[in-house]
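A.B. asks: A single structure is presented below for examination.
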Amino acid sequence: MRAWLRQHRHAFTRALPRIGLLNAVVIGIALALPAGGYALLESVRAVAGRLAVEPQVAVFLDAKRANADALGATLRRDPRVARVRFVPREQALKELAAVQGMSELVAALGRNPLPDAFVVTASEENLEALAADLAKLPGVAQVQADALWARRLASLARLARTALWLLAGVLGAALIAVTFNTIRLQILTQREEIEVSKLIGATDAFIRRPFYYAGLLQGLTGGALALLIVSASLALLNREVRLLAESYGSDFRFAFPGGADSLAFLVLAGLLGWLGAHLSVSRHLREIEPT
Amino acid sequence: MVSFSAVAKRYRGGEEALKEVSFSVEPGELVFITGRSGAGKSTLLKLIPAIERPSSGAVIVNGQNVGALKSSAIPYLRRNLGLVFQDQKLLYDRSVFDNVMLPLAFSTHSTKEAARRARAALDKVGLLMREKSNPIQLSGGEQQRLAIARAVVNRPSIVLADEPTANLDAESARRIVDIFGEFNQVGVTILIATHDQGLVTQYGKRLLHLEGGRVQ
């Protein structure tokens, strides 16, 4: 056990000077792109999640409230309708006044310009057809499928997420390639040491170990650098975002990925470095045999 | 301890370095393998630590058939052998002391015990005062003695030396052979390949003369 520990310590200290700092910076910058993109997207998603993405249609009535009950019953009978909520015009005005910056406007109006309305939640995705049918019902002044844009935003976010995963995949492969090449160069420059080690009875595992450590540490260093870059960039962005968000009365900020996400990211970067080293060592170490 | 029976070695390209070589070396023996350049001395020595594999015949070292050894077993075979090369194969990016420490990296000794053994080996070849030097600062003879220290630091039962005196003046060469003689006196089996027959006959040890790939 002690000998085993000592061998690993030996490999570790042999690996430390082999970490290419410049390579780690390259890896850091490459990984900062998907990590930063992830942080931005997660921040936006947190906000977008609060928006209604349910398939909803607002049905505005003409002036006669007497028709409302009959219309409500008709709506509830429609098999395409899941839920119906009646919003009287007084309540609508109250809700509008509650929105920041609107209370003065509402006060200036003098009389309530808003109609009574039904908020209809559809049980199916095809909102346009339902909206068109509802518009033909008697007593209906106007129909608005408000949720459409929110749903478009959600699918846009999904698209961005997929693009981000693709980017992460490509740059992860780049990390493996960079490590592969670093380790290849190290093997070439340490040809003599490897040859001598084989002659004096070093096992393959003993010879490989420092290279594995070097790949792992280089990946970890690159990952840590990427997180630093992301955190610095978000801090810079947030200075501007804070001003912009405050003017909208929002406390929105781009959030740095949480502890678990950051840790998973570091582990992944380390593993990819290890994998690059593994591929390189498997390919190049075999070529060095004492003669 | 080491025995060859009907060993032949053909290199790729058809060149036949050894033909039907048979001999055996008893524990504690010191054997000089002599012959001109190209007679097959280096090939013979390389078969023992499985640097080369025989084309036919059997090479037995410590009861193991080296030619049939799996490559994963070779490191363990080599740990029981001390190898000294004509070109020393020292590492010039580290001190004399660290060169001798190399084989101890995968032994089970503690770091302290390893350092003690390394110094003992350096002392035996008269290089203890130079432990902090870089091998490049040593003379040819000293570099060869350093290579010997590295070969014996793990106390192998067999030491193989390929032309250890080739590029040395007569005085340094004799000192190298004397050092091997001292290790032999404490029971280490030693095989030394050399083309310098004049140097070795005076020791009165067994000579194995190779000519054209055959033992004469």
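A.B. asks: Give the cross-link partners of residue A:136 among the lysines, using a straight C-alpha distance below 27 Å as the criterion and excluding same-chain residues fewer than 8 apart.
C.D. replies: Of all the lysines, those that pass the test against residue A:136 - Cα under 27 Å, at least 8 places apart if same chain - are A:64.
A.B. asks: Now a separate question. Could you give each residue of the range B:39-44 its phi-based ³J(HN,Hα) in whole Hz, using Karplus coefficients 6.51, -1.76, 1.60 with θ = phi - 60°, and x for Gly or Pro?
C.D. replies: 7, x, 4, 4, 4, 4
A.B. asks: Then there's this: If we count every other residue with Cβ under 11 angstrom of residue B:209's Cβ, Lys/Arg +1 and Asp/Glu -1, where does the sum land?
C.D. replies: It works out to a net charge of +3.
A.B. asks: If you wrap a convex hull around the C-alpha atoms of chain B and split its volume per residue, what is the figure in Å³? Write down the numbers at each step before the final one.
C.D. replies: Details: hull volume 27.0 nm³, N = 216.
So the per-residue Cα hull volume is 125 Å³.
A.B. asks: Each residue of the range B:104-117 in turn: what ³J(HN,Hα) in whole Hz from Karplus with 6.51, -1.76, 1.60 and θ = phi - 60°, glycine and Pro shown as x?
C.D. replies: Rounded to whole hertz, the list is 7, 4, 10, 8, 9, 6, 5, 4, 5, 5, 4, 4, 4, 5.
A.B. asks: Set the Förster distance to 22 Å, then compute FRET efficiency between residue A:242 and residue A:105 from the Cβ-Cβ distance, nearest 0.05.
C.D. replies: E between residue A:242 and residue A:105, to the nearest 0.05, is 0.25.
A.B. asks: Can I ask one more? Name all residues of the range A:95-116 having a backbone nitrogen under 18 Å from the label point set 7 Å from the Cα of residue A:69 along its Cα→Cβ direction, giving them as ranges.
C.D. replies: Within reach of a label on residue A:69, which here means backbone N under 18 Å from a point 7 Å along Cα→Cβ, the range A:95-116 contributes A:116.
A.B. asks: With label points built 7 Å along Cα→Cβ from the Cα atoms of residue B:170 and residue A:21, find their separation and express it in nm.
C.D. replies: Here the modelled spin labels are 5.6 nm apart.
A.B. asks: For Cα pairs less than 8 Å apart in space and 6+ apart in sequence, what is the mean separation divided by the residue count of the range A:56-145, i.e. the relative contact order in percent?
C.D. replies: 51
A.B. asks: Another question, then. D for the range A:56-145, whole µm²/s, Stokes-Einstein with Kirkwood Rh over alpha-carbon pairs at 25 °C and 0.890 mPa s: what number?
C.D. replies: Details: Rh = 13.8 Å.
The diffusion coefficient I find is 178 µm²/s.
A.B. asks: Based on the alpha-carbon gyration tensor of the protein assembly as shown and its eigenvalue square roots a ≥ b ≥ c, which shape applies: rounded if a/c is under 1.5, prolate if not and a/b is larger than b/c, or oblate?
C.D. replies: Cα axes put the protein assembly as shown in the prolate bin.
A.B. asks: Hey, another quick one. Once you sort the root eigenvalues of the Cα gyration tensor of chain A as a ≥ b ≥ c, which label holds: rounded (a/c under 1.5), prolate (a/b larger than b/c) or oblate (the other case)?
C.D. replies: Verdict is prolate for chain A.
A.B. asks: To the nearest 20 debye, what is the magnitude of the charge dipole of chain B about its Cα centre, counting +1 on the Cβ of each Lys and Arg and -1 on the Cβ of each Asp and Glu?
C.D. replies: My answer is approximately 560 debye.
A.B. asks: Further, regarding this structure: In Å, what Rg and Dmax follow from the Cα atoms of the range B:94-155?
C.D. replies: Cα-based Rg and Dmax for the range B:94-155 come out at 10.5, 32 Å.
A.B. asks: Between residue B:134 and residue B:53, what is the spin-label point distance in nm, taking each point 7 Å from the Cα along the Cα→C-beta axis?
C.D. replies: 4.0
A.B. asks: Is the range B:90-197 rounded, prolate or oblate when judged by the Cα gyration tensor, a ≥ b ≥ c being the square roots of its eigenvalues, rounded requiring a/c under 1.5 and prolate requiring a/b larger than b/c?
C.D. replies: Taking the square roots of the gyration eigenvalues as a ≥ b ≥ c, the range B:90-197 is oblate.
A.B. asks: Let me ask something else about it. Report the Cα centroid-to-centroid distance between the range A:159-224 and the range B:67-145 in angstrom, as an integer.
C.D. replies: Distance between centres, Cα-based: 29 Å.
A.B. asks: Moving on. Pull up the DSSP beta bridges for the protein assembly as shown and report the antiparallel fraction as a percent, rounded to 5.
C.D. replies: Looking only at bridges with both residues in the protein assembly as shown, the antiparallel portion is about 60 percent.
A.B. asks: Place +1 on the Cβ of every Lys and Arg and -1 on the Cβ of every Asp and Glu in chain B, take the dipole about the Cα centre, and give the residue among B:186, B:197, B:216 whose Cα lies farthest towards its positive end.
C.D. replies: Farthest towards the positive pole: B:186.
A.B. asks: Let me ask something else about it. Give, in nm to one decimal, the length gained when the segment between residue A:62 and residue A:137 is fully stretched (0.36 nm per residue of separation minus the Cα-Cα distance).
C.D. replies: Extra length from residue A:62 to residue A:137 when fully extended: 25.9 nm.
A.B. asks: A further question on this structure: Ignoring everything except DSSP H segments at least 4 long, calculate the 222 nm mean residue ellipticity for chain A; use -39,500 (n - 2.57) per segment, divide by total residues, nearest 500.
C.D. replies: Result for chain A, helices only: -23500 deg cm²/dmol.
A.B. asks: With springs only between Cα atoms under 10 Å apart, run a GNM on chain A and tell me which of A:105, A:130, A:268 wobbles the most.
C.D. replies: Sorting by GNM fluctuation, first place goes to A:105.
A.B. asks: Oh, and also: Output wanted: per-residue J couplings in Hz (rounded whole) for the range B:121-137, from phi through Karplus 6.51 cos²θ - 1.76 cosθ + 1.60, θ = phi - 60°, x for Gly and Pro.
C.D. replies: With the stated coefficients, the range B:121-137 comes to 5, 5, 5, 4, 9, x, 10, 4, 6, 9, 4, 8, 5, 8, x, 5, 7 Hz.
A.B. asks: Please get the size of the charge dipole for the range B:94-155, origin at its Cα centre, with Cβ charges of +1 on Lys and Arg and -1 on Asp and Glu, quoted in debye to the nearest 20.
C.D. replies: Here the size comes out at about 120 debye.
Laboratory data are not the source of any read-out in this text; all were calculated from the coordinates shown. No experiment lies behind these values; they were computed from the predicted model shown. Glycine also receives a Cβ, built like all others from the backbone with ideal geometry; neighbour counts cover every protein chain displayed.
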